[in-house]
Amino acid sequence: DYVVVKMIPDNRLPPRHLHSVHTGKTFAVIKWESPYDSPDQDMLYAVAVKDLVRKTDKIYKVKTRNSTVEYTIKKLEPGGKYHVIVQLGNMSKESSVKISTVPLSAPDALKIITENDHILLFWKSLALKESNFNESRGYEIHMFDSLMNITAYLGNTTENFFKVSNLKIGHNYSFTVQARCLYSGQMCGEPATLLYDELGTGEDSSASKTGRSTDVAAIVVPVLFLLLVTLGIGFVVLYMRHRRLQNSFTAFANSHYSSRLGSAIFSSGDDLGDEDDEAPMITGFSDDVPMVIA
């Protein structure tokens, strides 16, 4: 025996499993499930987006019959922080999630040029790769003194360079350049960092690393070349000796070749004394021959 039971949908329940699927610089994809399985009619959801930095609110409406809902929130700001609330249109219980958008990228090709009494920081314009960045926003520069363990804010600029003066000899510095922070430093771009040491020579860490790698290459490449040349000469010498031995053996074999037998004849060493056998053997001395002993 069995019985079929149909539950009465409760529209006062909150959406289930609300979470963020993907976030970009100016958008966020959120996903949730309906308060109960297999809705038999369209359900109206209210999606409230609270900007925690600007202190503003926006409300979007989503109407669907799907059990699983995926929604993209657009027109967000890079590096922003938001509180998203989803509930049914009848103001039922709510589900919420906090999301943060991706900040602007760090400026590329940060370089240092050393002058007599100051240095210049150079970098590429962030607008070249970030369509959401306006040069009027500008950049801000920070400096960290590792010897004093102090971080200082040097200022901001709308240019692609910045002059730094009053550096102390013997101190090592780290410089960071990023898109200027908005709303009391809550919305910033990713920083580009450059170490500046060896103040006496005016070299930055990236330049010194490049110089070291160049020096190593200048040593390794000639050594490898000499090894290859030596191996080549060795192979040539071995080849010439092999050819010489082969030619010597060929000449030796030709000199012992018998055209009558059609093969080369080599002595075994047993017949080396044949000529001596033909010579008369000395049997003794005659009595009338005086023996002289020196």
(message) If you take every residue apart from Tyr36 with its C-beta less than 12 Å away from the C-beta of Tyr36, what net charge results, scoring Lys and Arg +1 and Asp and Glu -1?
(response) -1
(message) Could you work out what % of the accessible surface of segment 108-197 is carbon and sulfur, using a 1.4 angstrom probe and leaving DNA, RNA and ligands out of the count?
(response) 50
(request) Measure off, as a whole percent, the carbon and sulfur share of the 1.4 Å-probe accessible area of segment 1-74, all protein chains present. (result) 51
(request) Would you mind getting the accessible area per residue of segment 1-94, heavy atoms of the protein chains only, 1.4 Å probe, in Å²? (result) 65
(request) Could you tally the net charge around Arg12, taking each other residue with its Cβ under 12 Å from the Cβ of Arg12, Lys/Arg +1 and Asp/Glu -1? (result) -1
(message) Let's test the formula: R0 of 35 Å, r as the Cβ-Cβ distance of Thr158 and His22. What FRET efficiency results, to the nearest 0.05?
(response) 0.60
(request) Within 10 Å, count the other beta carbons around each residue, average over each peptide in 126-135, 231-240, and list them highest first. (result) 126-135, 231-240
(message) At R0 = 51 Å, how high is the FRET efficiency between Ser92 and Lys124 if r is their beta carbon distance? Nearest 0.05 is fine.
(response) 0.50
(message) Could you compute the net charge surrounding Lys81? Neighbours are other residues with a C-beta less than 12 Å from the C-beta of Lys81; K and R count +1, D and E count -1.
(response) +2
(message) Give me the 1.4 Å probe accessible area per residue for segment 108-197, excluding ligands and nucleic acids, in Å².
(response) 56
(request) Report the extension gain between Val5 and Phe235 in nm, rounded to one decimal, defined as 0.36 nm multiplied by the number of residues separating them, less their alpha carbon distance. (result) 73.7 nm
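The values are calculated or read from the model by the stated rules, or taken from the named source; none is laboratory data. Please read all numbers here as calculations on a predicted model, not as lab measurements. Using ideal geometry, Cβ is built from the backbone for each residue, glycine included, and neighbour counts are taken over all protein chains shown. Only protein heavy atoms, including side chains, enter the accessible area calculation; ligands, DNA and RNA are left aside. Shrake-Rupley method; radii C 1.70, N 1.55, O 1.52, S 1.80 Å.
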